[in-house]
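Trainee: Can you keep this structure in mind? I'll have questions shortly.
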Amino acid sequence: MKKNLTNMLRSALLILATTLVLPAFADDDNIASNMDILREKVVADKKFVVANNMKLTEAEAKTFWPIYDAYQQDLHEINERMAKLISDYALAYNKGAVPDETARKLLDEAIAVEQAEVKLKQSYVPKLSKVLPGVKVARYLQIENKIRAIVRYDLAAAIPLME
């Protein structure tokens, strides 16, 4: 059952990752509205996967889900930064050889996005620890990490190397 949930989420995330990359590299403006629909589906699928893997008691669930929702909102801001970074890279890439200055700026932003994600996780550990035992805090962050790894893998496969 867990494998089916993971496969379902992986498919949804693959579609989302592809839609983040395709508009940038394929210049298709009609994908934006479909992206919104896909994002809603991914959010629902992700929450379903988290719920099925967290094994929360009723009391834990009552306090966990508001923190989860806040984390997802903060994570959305990081995702938006990543989408902008991909878009900026696509613009530079589509013009031909990427100038060194542009490459450095893109690299700096990529590292800043990664640092923001680490800082976000660090800021939520105390909040989660107030409402969940340590094992469940770790499990939740493992789930988030696995989901993010799937997205990163699919994005990496779709984004061409800098020339």
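The values are calculated or read from the model by the stated rules, or taken from the named source; none is laboratory data. These numbers were taken from a predicted model, which means no experiment stands behind them. All Cβ positions, even for glycine, are placed from backbone atoms using ideal geometry, and neighbour counts span all protein chains on display.
Trainee: For the range 44-53, which residues satisfy the criterion of being in contact (Cβ under 8 Å) with a residue 24 or more places away in the chain, among the hydrophobic types (A, V, I, L, M, F, W, C) and surrounded by 15 or more Cβ atoms within 10 Å (Cβ to Cβ)?
Mentor: V49, V50
Trainee: Give me a count of the residues in the range 58-78 that are closer than 16 Å to A138 by Cα and not acidic (D, E).
Mentor: So in the range 58-78, the residues closer than 16 Å to A138 by Cα come out as 60-61, 64-65, 67-68, 71.
Now restrict to residues that are not acidic (D, E): 61, 64-65, 67-68, 71.
The total comes to 6.
Trainee: Next up: For the structure I just gave you, tell me whether N94 is of a type in the set (S, T, N, Q) and surrounded by 15 or more Cβ atoms within 10 Å (Cβ to Cβ).
Mentor: For N94, the condition - of a type in the set (S, T, N, Q) and surrounded by 15 or more Cβ atoms within 10 Å (Cβ to Cβ) - is not met.
Trainee: Being under 16 Å from the mean Cα position of the chain (by Cα) and within 29 Å of Y89 (Cβ to Cβ): is that true of L120 here?
Mentor: Values: under 16 Å from the mean Cα position of the chain (by Cα): yes; within 29 Å of Y89 (Cβ to Cβ): yes.
So L120 fits the description; yes.
Trainee: Sort through K62, K47, K55 and tell me the only one that's under 18 Å from the mean Cα position of the chain (by Cα) and of a type in the set (K, R). Steps first, answer last, please.
Mentor: Numbers: K62 fails: under 18 Å from the mean Cα position of the chain (by Cα); K55 fails: under 18 Å from the mean Cα position of the chain (by Cα).
Step by step, each of K62, K47, K55 is checked, and only K47 is under 18 Å from the mean Cα position of the chain (by Cα) and of a type in the set (K, R).
Trainee: While we're looking at this one, here's another question. Being surrounded by fewer than 17 Cβ atoms within 10 Å (Cβ to Cβ), in contact with a Leu (Cβ under 9 Å, 6 or more places away or on another chain) and of a type in the set (A, V, I, L, M) is the filter here, so list the residues in the range 55-76 that pass it.
Mentor: I67
Trainee: If N79 meets every condition in (1) at pLDDT below 95; (2) within 17 Å of V151 (Cα to Cα); (3) surrounded by fewer than 17 Cβ atoms within 10 Å (Cβ to Cβ) apart from one, which number is that one?
Mentor: Against the list (1) at pLDDT below 95; (2) within 17 Å of V151 (Cα to Cα); (3) surrounded by fewer than 17 Cβ atoms within 10 Å (Cβ to Cβ), N79 comes up short only on (3).
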